[in-house]
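Worksheet for the structure shown next.
The values are calculated or read from the model by the stated rules, or taken from the named source; none is laboratory data. Being a predicted model, the structure only gives us computed values, none of them experimental. Positions of Cβ are backbone-derived with ideal geometry, glycine not excepted, and every protein chain shown enters the neighbour counts. Accessible surface areas use protein heavy atoms only, side chains included; no ligands, DNA or RNA. Shrake-Rupley method; radii C 1.70, N 1.55, O 1.52, S 1.80 Å.
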Amino acid sequence: MSTYEILTIPHPSLKTVANPVGAVDGSVKKQMETMLETMYAARGIGLAANQVNILNRVLVMDVSDREEGEKAPICMANPEIVWRSEEMSSMDEGCLSIPGQYALVERPMAVKVRYWDVTGEEKLFEGEGLASHCVQHEIDHLNGILCIDYLSKLKRNMIVRKVEKMKRCGEL
Ligand code: NI
């Protein structure tokens, strides 16, 4: 079992647009598995490739209630939002690259996402509520966008400084 190192802000890879994958080949499949291990080890519900310094359009997520012991991993390559609800939802979002901080983000309450799964098959994901926020948050990562980018510049800078201070103090 291996894991990747998770980058924290303000690493430049977190502000970079990731490239589509040509196919879900052996190396992409391995990457998805290692990203899942990394996400579970960090107790996250989603992880995008940029966060582990790989600039391809791959994300993993699992929004199931892990207290129940049931895992429901989802791996996506080249995810694309094909439908958004008009109804909006606001939720406090956390991010493994912005430890200990939260941002209140408003997004469509429900989305449909077309993607390639771990076998390379095209699938449609329908998410609502937490699952909708999570998949949009991870797709944002692939576009170099962070949840704190939805905050005012003042709040965003405050969070960046807090995380930088945590790093300087060896808390990360
Ligand atoms: Ni994140």
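How do the pairs read when you match residues in region 139-167 that are within 16 Å of the ligand (Cβ to nearest atom) with residues anywhere that are of a type in the set (D, E, K, R) and in a helix (DSSP H, G or I), using Cβ under 6 Å and keeping only pairs 6 or more apart or on different chains?
As it stands, the answer is Gly144/Lys15; Ile148/Arg156, since those pairs meet every condition given.
Return the total of residues in region 81-133 being within 14 Å of the ligand (Cβ to nearest atom) and not in a loop (DSSP other than H, G, I, E, B).
Residues in region 81-133 being within 14 Å of the ligand (Cβ to nearest atom) and not in a loop (DSSP other than H, G, I, E, B): 8 in total.
Would you pick out the residues in region 119-149 that are within 13 Å of Ile74 (Cβ to Cβ), aliphatic (A, V, I, L, M) and touching a Lys or Arg at 6+ places or on another chain (Cβ under 6 Å)?
Of everything in region 119-149, just one residue is within 13 Å of Ile74 (Cβ to Cβ), aliphatic (A, V, I, L, M) and touching a Lys or Arg at 6+ places or on another chain (Cβ under 6 Å), namely Leu124.
Return a yes/no flag: does region 26-38 have any residue that is within 30 Å of Asn157 (Cα to Cα), among the charged types (D, E, K, R) and under 16 Å from the mean Cα position of the chain (by Cα).
There is no residue in region 26-38 that is within 30 Å of Asn157 (Cα to Cα), among the charged types (D, E, K, R) and under 16 Å from the mean Cα position of the chain (by Cα).
Give region 112-122 a look and list any residue that's in contact with a strand residue (DSSP E or B) (Cβ under 7 Å, 6 or more places away or on another chain) and without any contact (Cβ under 8 Å) to a residue 12 or more places away in the chain, or say none.
Glu122
Every residue in region 134-172 that is part of a loop (DSSP other than H, G, I, E, B) and over 18 Å from Ser89 (Cβ atoms), please.
Those that are part of a loop (DSSP other than H, G, I, E, B) and over 18 Å from Ser89 (Cβ atoms): Asn143, Gly144, Leu146, Ser152, Cys169, Gly170, Glu171, Leu172.
Output the number of residues of region 23-72 satisfying the condition of being small (Gly, Ala, Ser) and within 19 Å of Gly120 (Cα to Cα).
Total satisfying the criteria: 6.
Residue-by-condition table, conditions (1) open to solvent by less than 20 Å² (accessible area, probe 1.4 Å); (2) β-branched (Val, Ile, Thr):
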{"position": "Val21", "(1), (2)": "yes, yes"}
{"position": "Arg43", "(1), (2)": "no, no"}
{"position": "Ile54", "(1), (2)": "no, yes"}
{"position": "Leu59", "(1), (2)": "yes, no"}
{"position": "Gly69", "(1), (2)": "no, no"}
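Quick check on this structure: which one of Arg57, Arg107, Arg84 is basic (Lys, Arg) and touching a residue at least 40 places away in the same chain (Cβ under 8 Å)?
Result of the check over Arg57, Arg107, Arg84: Arg57.
For Val24, indicate whether it is over 26 Å from Ile148 (Cβ atoms) and not in a helix (DSSP H, G or I).
Taking the combined requirement at face value, the residue satisfies it.
On the basis of being open to solvent by 70 Å² or more (accessible area, probe 1.4 Å), under 29 Å from Lys162 (Cα atoms) and under 14 Å from the mean Cα position of the chain (by Cα), does Leu142 make the cut?
Here the answer is no, as Leu142 does not meet what is asked.
Could you pull out the residue among Leu36, Leu14, Leu7 that is over 20 Å from Ser132 (Cβ atoms) and surrounded by fewer than 20 Cβ atoms within 10 Å (Cβ to Cβ)?
Criteria check complete, one pass: Leu7.
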